[in-house]
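If you scroll down you'll find the structure; I have some questions about it.
Derivation of every value follows stated rules applied to the coordinates shown; laboratory data play no part. Here the structure is a predicted model, which means the values were calculated and not measured. Cβ: placed from backbone, ideal geometry, glycine included. Neighbour counts: every protein chain shown.
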């Protein structure tokens, strides 16, 4: 039997511009899935593992900047969406999550695949709705349409994010063979452009900001995680070259360039607080560097954050002004209204960054073959355009140490919750949106944890995976606490014997192995060339060697 509330659900999604859905197999969810599968304007993909499915949907939505529909069956299947929903919530990525459920009278009655699904994701969702379980009365159908429209609007409303609709369903789940799906053009299409952001300061605010800016001579602009923006990139370059502020970036800011400070991790741990700013202006989301966070928290600095809408966290414990503008609007205003910063303050930052930039290649040349040295060669071999996905733990830290930038590269990392559970899947989702190269840089723990990202029927010709395999959680050797404990090797480092070649064979990936510099350079020579499926380059290193090399380099550079 075809349910009208579900055909309206699919129709309203399609009419609002939602064109992609990720489904996982299930019987109770079949009526929802069929409504989307049979809609001519919605592209559906089937991903068996719900945890991977949710991250794949997030990877698509992140690139499209509009909601992707997620559909799963009832019970524990819905719980597996949890990690990706939390990541999407903190990264402000729109998802429309549709979970099938038992009718309300069968909850808590020991019926199969039944859990409490109302408000299932309450802490990490913008809102949750429950669909009517029948629509015999016209008001019930109206209510289903209304819920759909409100949910879609809410995914787009700034800050964007995931919204959940729980859908109780009764048997029968499947239509008769001869039944046709009537997809309506509904008059209840969401108004997705109703939320405008402020583009200018009021006159009295302009006067106030100019007056405040004149008080400060040591201004630092800190750029957090965000997608590439050429206008912002150009404005930051102008500000830095005009000596109006010290501009500090890291790899996930997508704003690193020759004029910005990107090697702060190496010198802030032991540096004097004489280089602390008296005003820090930030925009974007999180930053990677713990050293930078601690430095700014301990500094006696005023902090302004630029953000048009939404909650602003006080990451550095000095937040005293929120300016409700788009960052590009503020930066344009800033570069027109401010003068040069204190030259001693600026020169100290530039000198320290330049020193690291000059010495680091020499230190890497001396280092034994390991993750950092191999990564340095990989970064120099990357395509000059495309998407670079970086897994959490040591992968993102090492890339941030070495630095990576490019006008036509987008650097992506799941730093909403900073977990390892979904890096592969997010990259896979990204490949579904582009023909450009998509490169995944990952460690072995993150890679094997999320191997079901590849368990589906779709080829990934533009995906290139660089797997750094030291057969364990090497990051714990870098952390003073666990590194000093006798339990570290057994209980923290998580030794594993998995090999990338087995996974490559299972999924039809082209496989390369590098255990020394000669093998690595040979593999990289044609690694990014065209293929019919993904390619996997596994770089095997020793965890203890990696730890010693990193400590040697950091000590040499921080002592400058």
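If you average 1/r over all unlike Cα pairs in region 203-353 and invert the result, what Kirkwood radius do you get in angstrom?
Radius from the Kirkwood sum: 15.4 Å.
So if we plug the beta-carbon distance of residue 357 and residue 2 into 1/(1 + (r/R0)^6) with R0 = 56 Å, what FRET efficiency do we get, rounded to 0.05?
E(calc), rounded to 0.05, equals 0.30.
Relative contact order (percent) for the chain, with alpha-carbon contacts under 8 angstrom and 6 or more residues of separation?
Once divided by the residue count of the chain, the mean separation gives 13 percent.
Same structure again: Can you divide the C-alpha Rg of region 4-168 by 2.2 N^0.38 Å and report the result to two decimal places?
Values: Rg = 14.3 Å, N = 165, 2.2 N^0.38 = 15.3 Å.
Here the Cα radius of gyration is 0.93 times the empirical estimate.
How would you classify region 367-558 from its alpha-carbon gyration tensor, with a ≥ b ≥ c the square roots of the eigenvalues: rounded for a/c under 1.5, else prolate if a/b is greater than b/c, otherwise oblate?
prolate
Shifting gears a bit: Enter the Cα centre distance for the pair region 324-380 and region 247-323, rounded to the nearest angstrom.
Between the Cα centre of region 324-380 and that of region 247-323, the gap is 13 Å.
How far is it, in nm, from the label point at residue 27 to the one at residue 242 when both lie 7 Å from their Cα along the line to the Cβ?
Taking the simple label geometry, residue 27 and residue 242 are separated by 6.8 nm.
Expressed as a rounded percentage, what relative contact order does region 367-558 have, with Cα pairs under 8 Å and six or more residues apart?
24 percent
Between residue 179 and residue 435, take the C-beta separation as r, use R0 = 35 Å, and let me know the FRET efficiency to the nearest 0.05.
The pair residue 179/residue 435 has a calculated efficiency of 0.40.
What's the exposure ranking of 41, 278, going from fewest to most Cβ atoms within 10 Å?
The fewest-first ordering by Cβ neighbours comes to 41, 278.
Between residue 143 and residue 65, what FRET efficiency follows from the Cβ-Cβ distance if R0 is 45 Å, with the result rounded to 0.05?
E(calc), rounded to 0.05, equals 0.95.
Here's another thing I want to ask about it. Kindly put 420, 22 in sequence by how many other C-beta atoms sit within 10 Å of each C-beta, fewest to most.
The most exposed by this proxy come first: 420, 22.
Still on this structure, please answer the following. Multiply the residue gap between residue 342 and residue 364 by 0.36 nm, knock off their C-alpha separation, and tell me the result in nm, one decimal place.
4.5 nm
Would you compute, from DSSP H runs of 4+ residues alone, the mean residue ellipticity of the chain at 222 nm, taking -39500 (n - 2.57) per run and dividing by the full residue count, rounded to the nearest 500?
Result for the chain, helices only: -11000 deg cm²/dmol.
Continuing with this model, one more query. Using Cα-Cα distances under 8 Å and only pairs 6 or more residues apart, what relative contact order does region 203-353 have, in percent?
The value is 29 percent.
Which order results if 530, 19, 249 are arranged by neighbouring Cβ count within 10 Å, fewest first?
530, 19, 249
Can I ask one more? Any idea what angle helix 230-241 forms with the longest principal axis of the chain, computed on alpha-carbon atoms, 0 to 90 degrees, nearest 10?
That helix lies at roughly 20 degrees to the long axis.
Further, regarding this structure: Would you mind computing, in nm to one decimal, how far apart the modelled labels at residue 379 and residue 43 are, each placed 7 Å from Cα along Cα→Cβ?
Each label point lies 7 Å from its Cα, and together they span 3.3 nm.
Now for a different question. If one takes the longest principal axis of the Cα atoms in the chain, at what angle in degrees, from 0 to 90 and to the nearest 10, does the Cα axis of helix 327-337 lie?
On a 0 to 90 degree scale, this one is about 30.
If you don't mind, another one. Can you divide the C-alpha Rg of the chain by 2.2 N^0.38 Å and report the result to two decimal places? List each step's numbers first, then the result.
Numbers: Rg = 25.4 Å, N = 560, 2.2 N^0.38 = 24.4 Å.
So the Cα radius of gyration is 1.04 times the expected 2.2 N^0.38 Å.
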